[in-house]
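> Please read through the structure below; I'll follow up with questions.
What follows draws every value from the coordinates through simple rules; no lab data is involved. Values in this document were obtained by computation on a predicted structure and should not be read as measured data. Quick reminder, even Gly has a Cβ in these numbers, built from the backbone with ideal geometry, and neighbours come from all protein chains shown.
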Amino acid sequence: MTKFSAVLLAAIGASFVVPASAQFAKPEDAIKYRKNALFVMQQNFGRVAAMAGGKAPFDAKVAADSAAVAEFVSNLPWKGMGQVLTKVTLKAKPEIWAKKTKFDDEARKMQAEMAKLSVAAKSGNIDSIKVAVNAVGGTCKSCHDDFRAK
Ligand code: ASC
């Protein structure tokens, strides 16, 4: 390995240990990041929820794949919650940052239920999927009631 590539590799390695707070070039990027992650999660969860609610035909493979994506993406939005921006109107209420422990707890509960949904979807059992979809939906609603502006 040349000295140059060693230095390059070290720099690449270092870029993965930058703290979450330094991850975004500008606050707007953090907002875009969390919104887009929540959007991708909702699209995938919504697809499974539609099947569970009889609004879409049940396709076990699509359900399992979608639930797996929703589970993975459910880990992502929270790194983008570091910033409070006052100059733009957000659906995210200031209470998120005032009651961050409660917010984080609600986020964790959602992730836990989303992981259970992913397991249920892999099993292909529509009844288990229905139960898990309702549990996830409950955690979405609870957090929105507390922390999302209407
Ligand atoms: C969804 C979605 C939500 C939740 C919520 C559950 O699909 O976009 O915000 O489920 O409606 O009550």
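> What ³J(HN,Hα) values, in whole Hz, does the Karplus curve 6.51 cos²θ - 1.76 cosθ + 1.60 give for segment 47-53 when θ = phi - 60°, with x put for Gly and Pro?
In residue order, the calculated couplings are 5, 6, 4, 4, 5, 5, x Hz.
> Which ³J(HN,Hα) values, rounded to whole Hz and listed in residue order, are derived for segment 99-111 from phi using the Karplus coefficients 6.51, -1.76 and 1.60 in 6.51 cos²θ - 1.76 cosθ + 1.60 with θ = phi - 60°, glycine and proline given as x?
These are the phi-based 3J(HN,Hα) values: 10, 4, 5, 5, 4, 4, 5, 5, 4, 5, 4, 4, 4 Hz.
> What are the lysines whose alpha-carbon lies under 26 Å from the alpha-carbon of Lys116, with same-chain residues fewer than 8 places away excluded?
Lys35, Lys55, Lys61, Lys79, Lys100, Lys102, Lys130, Lys141
> Could you let me know the centre-to-centre spacing of segment 105-123 and segment 43-103, using Cα atoms, in angstrom?
About 11 Å separates the Cα centre of segment 105-123 from the one of segment 43-103.
> Mind ranking 44-51, 74-81, 56-63 by how tightly packed they are, going by the mean number of other C-beta atoms within 10 angstrom, highest first?
Packing proxy ranking, top to bottom: 44-51, 74-81, 56-63.
> Among residues other than Glu95 whose Cβ falls under 15 Å from its Cβ, what is the net charge (Lys/Arg +1, Asp/Glu -1)?
Working: positive: Lys91, Lys93, Lys99, Lys100, Lys102, Arg148, Lys150; negative: Asp104, Asp105, Glu106, Asp145, Asp146.
So the surrounding residues net to +2.
> I've got another one for you. Report the net charge of residues surrounding Asp29, where surrounding means a beta-carbon distance below 14 angstrom and charges are Lys +1, Arg +1, Asp -1, Glu -1. Walk me through the numbers before you get to the answer.
Working: positive: Lys26, Lys32, Arg34, Lys35, Lys79; negative: Glu28.
Neighbourhood net charge equals +4.
> Right, here's the next one. Report ³J(HN,Hα) in whole Hz for each residue of segment 67-82, in order, from the Karplus equation J = 6.51 cos²θ - 1.76 cosθ + 1.60 where θ = phi - 60°; Gly and Pro get x.
Each residue's phi maps through the Karplus curve to give 5, 5, 5, 4, 4, 4, 5, 5, 7, 8, x, 5, 5, x, 9, x Hz.
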